[in-house]
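Read the structure below first, then the notes.
None of the figures in this text is laboratory data; all of them are computed from the coordinates on show. Bear in mind the structure is a predicted one, so any value in this text is a computation, not a measurement. Counting neighbours? That spans all protein chains shown, and the Cβs are built from the backbone with ideal geometry, glycine included.
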Amino acid sequence: MTEDWAAVAKAINERVNELGIKQRVLAERSAVSQAIIRELQYNTVERRRGTRTLEALSVALGWHPQHLTAVLEGRRPPAPGDPIEYADDPVANRLSAIEGRLDEIAERLDTINTRLTTVINRADENRQR
């Protein structure tokens with residue numbers, strides 16, 4: 001597999017500029033050292049980084065956790081809500097899909113809760129009149 005670290009550098013730099021954040025802020029958000037971020041941004045050291053490093057940076061930049069890994073491997077990056085794919089682990093893939101569905105259910109419950117609260121508040125207001 002060919003790794004395109006220049007594409008990773010370009011993606012990070014474009015996103016950092018788009019968000020208007022500094023390396024220091026990205027380092028704080030991702031818990032990745034500023035030195036590693038600098039190496040990645042300027043593509044000065046082409047060495048394999050841990051999956052967690054690329055995932056932490058992806059999330060800190062508001063992307064899907066596997067965004068930078070996809071860029072590195074020359075694949076189309078997943079959308080932020082897509083499930084996380086683990087190539088060699090069907091159990092992890094299934095758990096990721098379940099997490100995605102649970103997130104959807106939680107969002108629906110939040111919407112229902114908000115609407116119910118609105119209805120209750122209006123009913124209370126009408127009773128007080």
Enumeration of residues in the range 34-60 that are of a type outside the set (A, V, I, L, M, F, W, C) and in contact with a helix residue (DSSP H, G or I) (Cβ under 6 Å, 6 or more places away or on another chain):
Gln34, Gln41, Asn43, Glu46, Ser58
I'd like to check something: does the range 40-60 contain any residue that is over 22 Å from Glu3 (Cβ atoms) and buried (at least 16 other Cβ atoms within 10 Å of the Cβ)?
no
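Tally up the residues in the range 1-39 that are assigned to a helix (DSSP H, G or I) and either surrounded by 13 or more Cβ atoms within 10 Å (Cβ to Cβ) or touching a residue at least 40 places away in the same chain (Cβ under 8 Å) (or both), please.
Start the filter on the range 1-39 by keeping residues that are assigned to a helix (DSSP H, G or I), which leaves 5-19, 23-30, 34-39.
Keeping just the survivors that are either surrounded by 13 or more Cβ atoms within 10 Å (Cβ to Cβ) or touching a residue at least 40 places away in the same chain (Cβ under 8 Å) (or both) gives 5, 7-13, 15-16, 19, 23, 25-30, 34, 36-39.
Summing the residues that are assigned to a helix (DSSP H, G or I) and either surrounded by 13 or more Cβ atoms within 10 Å (Cβ to Cβ) or touching a residue at least 40 places away in the same chain (Cβ under 8 Å) (or both) in the range 1-39 gives 23.
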